[in-house]
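Remarks on the structure that follows.
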Amino acid sequence: MKNSINSYIEKRLENESFKEEWTQSEDAYQAARLLLQLRNEQNLTQSELAFLSSKKQSYIARIESGHYNVSFKVLNEIVQSAGRKLDIRLK
């Protein structure tokens, strides 16, 4: 699944208007992908992750939509509530 998503995104990035929008919102998309990956790996629903992190399910859904910029602090709190650690690296 990950490869097909990456392939799709790479193909879409050939379109200049998509590329511009993607660049402007890449952080929000990365946060969304991270939470989706976390939930998938932990076999959690949005509601379960919301409960663990003391957040509302609608808040988790907004982050996962890729249209909401979440702070590192909050993202880290959510990730840690599921027993994981957020690791940031320079590329």
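Can you compute the modelled spin-label distance between TRP22 and ASN76, with each label point 7 Å from Cα toward Cβ, in nm?
2.9 nm
Note down the nm distance, to one decimal, between modelled labels 7 Å out along Cα→Cβ at ARG12 and at TYR68.
1.9 nm
Using the Karplus curve 6.51 cos²θ - 1.76 cosθ + 1.60 with θ = phi - 60°, what ³J(HN,Hα) values do you get for each residue of the stretch 51-56, in whole Hz, with x for Gly and Pro?
Once rounded to whole Hz, the list reads 4, 4, 9, 6, 10, 7.
Give the distance, in whole Å, between the Cα centre of the stretch 13-32 and the Cα centre of the stretch 36-91.
If you average the Cα positions of each part, the centres end up 20 Å apart.
Let me confirm the definition first: pairs of Lys residues in the stretch 2-81, 8 or more apart or on different chains, C-alpha distance under 22 Å. How many are there?
Lysine pair count for the stretch 2-81: 5.
None of the figures in this text is laboratory data; all of them are computed from the coordinates on show. Computed from a predicted model, the values in this text were never measured in an experiment. Every residue, glycine among them, receives a Cβ derived from its backbone with ideal geometry; neighbour counts consider all protein chains shown.
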